[in-house]
Every structure is written in C-alpha cells, then in structure tokens.
Amino acid sequence: MSASPSERRQSIRFGVVWTAVRDLLDQPGSYHEQQARIVDIGGGTGGFAVPLAQLGHRVEVIDPSPDALAALDRRAREADVADRITGQQGDLADMANLVEAGGVDLVLCHGVLDVVDDPAAALATIASVLRPGGHLSLLVAQRHAAVVARAMAGHFQAAHDLLADPTARAGARGGHRFTVEELQPMLATAGLSTVTVHGVRVFADLVPGSLLDLEPGATAALVELESAVSTRSEYLPLATQLHVLARR
C-alpha cells in the first residue's frame, strides 16, 4: 500500500529529526533501564510519542490542548502502546511541576522554544529534569531561512524587519527565530552541550507539492537529499528549521 500525501509530507518534514532521535536511542548508555524515559513537550497527537513507544520506550506527553491529548490517547490505543504513553495537560512552564527532576533520559522540544517568552529560562527548565548524561532533542525555526521566505513571498518589509532586528519575534504567530550561533551559547548557559546540529527542510519548502504527488519516487529522492545535506554546515542557513541534540 502506497503512502498517503500526508505521510509523504511527514517523512520529508521530520525524517532527519526522526533518524537522529532513533540513532541516539540506539547508542549504548543513552538510557540506563530497559526503556528510556522520554518527555515530549508539546507532543500533540503523538507523531513522535507513538513511534517511540512502539520501539519499547516510555513517553510522557505534555501538551496544552485537551483535544490533542484525547487524539493521542486514541492513537496510542490503536497502536497498542497505551501502557507506555501518558498525557498531561500543560506547557513548558509547567514542566518542573509535572516531571520529576533529574530522572529523564530524553526531552523532545520540537517547535516549542519558538513560542515561549523566555527561551533561555525554558532551556534551563528542560535541563533540570534531565538526568546527568540525558539528552535534549530541540527543533527550532531558523532565522536566515525566515528572511528568505518572507522576501520570496513578497513580504519585503517583514523580511527587512527580521533582518534588521534579529531579536524581534516574527509577528504574533511567527515566534522566535534562531541561528546556530545563538543556540549554542544558550544551551551552554543552561548546562547543555551541543552534540549534533542538523538542518531540516533545506529544500522541502521550495519544492512544489504537486511534483511530489505526481512524480514517482520524488518523495524518496527528496528525503534522501534532505538527509545528505542535513549535516553540511554550508546549507544550514537555508534550512527552515534547526535540529540540535544536546547532552546534560
């Protein structure tokens, strides 16, 4: 059975991230017990939580949306992993009260740091729940690509504003944008050392969806290309998102 258009888009958007997370969990010492203890902040309906539970790990999803948590519960039951997934309503600010300090092997923070008021404080909160040697999987929007995207869409003033004031939020819905040079010192201040950096969606947002839907093999070829350039430093400024693995 061929993949649906939605599944193909997911493989393009998150293939690099999923591979990095899965490879991390395959490394000796990435967790001490038979199952890793994973917390997914803003994990929504379980796009990462369910596959991770299917690998045998325990996943705690914290999300502000009761509807998303209800969908997570249904999805976990359908995948027969409900015993390894728990959902709690809350956000990153609630994390310290919802999660035992120092006991987590891996925190997923994908697309959440972009929208918090104080990213540095948020990273410190995440570090506090990680065990020594635990990891953070961080996915954030990347500023250079945001400037290009606004210019290509004809929003020249918005592109100029983001270029002129790198610390400004990109509108009420856009949130923060980051560069590697900004993220690494922020992580270090929180007590987290950068392990790997990947560029995500270097080309994916520039390729017409109709091409992927109509051209046989196009999705697989694009996923392979995204993987090939994800660790090439010269392509990082083109990436829509940055994925960082950091260790406490």
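The values are calculated or read from the model by the stated rules, or taken from the named source; none is laboratory data. Given the structure is predicted, the values throughout are model-derived calculations rather than measurements. Positions of Cβ are backbone-derived with ideal geometry, glycine not excepted, and every protein chain shown enters the neighbour counts. Each accessible area value is taken on the protein alone, full model and side chains, heavy atoms only, with ligands, DNA and RNA left out. Shrake-Rupley method; radii C 1.70, N 1.55, O 1.52, S 1.80 Å.
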*asked:* Tell me the residue from Ala218, Ala164, Ala168 that is out of contact with any helix residue (DSSP H, G or I) (no Cβ under 9 Å at 6 or more places or on another chain) and either surrounded by fewer than 16 Cβ atoms within 10 Å (Cβ to Cβ) or modelled with pLDDT under 90 (or both), please.
replied: Ala164
*What tally of residues in segment 194-206 results from selecting those that are at pLDDT below 95 and surrounded by 15 or more Cβ atoms within 10 Å (Cβ to Cβ)?*
5
*Using the structure shown, decide if Ala188 is at pLDDT 90 or above and either assigned to a helix (DSSP H, G or I) or within 21 Å of Val116 (Cα to Cα) (or both).*
yes
*Of the conditions (1) buried (at least 19 other Cβ atoms within 10 Å of the Cβ); (2) within 20 Å of Leu123 (Cβ to Cβ); (3) of a type outside the set (Phe, Trp, Tyr), Gly191 fails just one. Which one is it?*
(1)
*Restricting to segment 221-234, what's the tally of residues that are open to solvent by less than 70 Å² (accessible area, probe 1.4 Å) and part of a helix (DSSP H, G or I)?*
7
*What number goes with the only condition from (1) buried (at least 22 other Cβ atoms within 10 Å of the Cβ); (2) out of contact with any Ser or Thr (no Cβ under 9 Å at 6 or more places or on another chain); (3) not in a helix (DSSP H, G or I) that Cys109 does not pass?*
(2)
*Out of (1) assigned to a strand (DSSP E or B); (2) open to solvent by 30 Å² or more (accessible area, probe 1.4 Å); (3) polar (S, T, N, Q), the odd one out for Ser137 is which?*
(2)
*Residue that is nearest to Leu138 (Cα to Cα), among those in segment 198-220 that are small (Gly, Ala, Ser) and not in a strand (DSSP E or B)*: Ala204
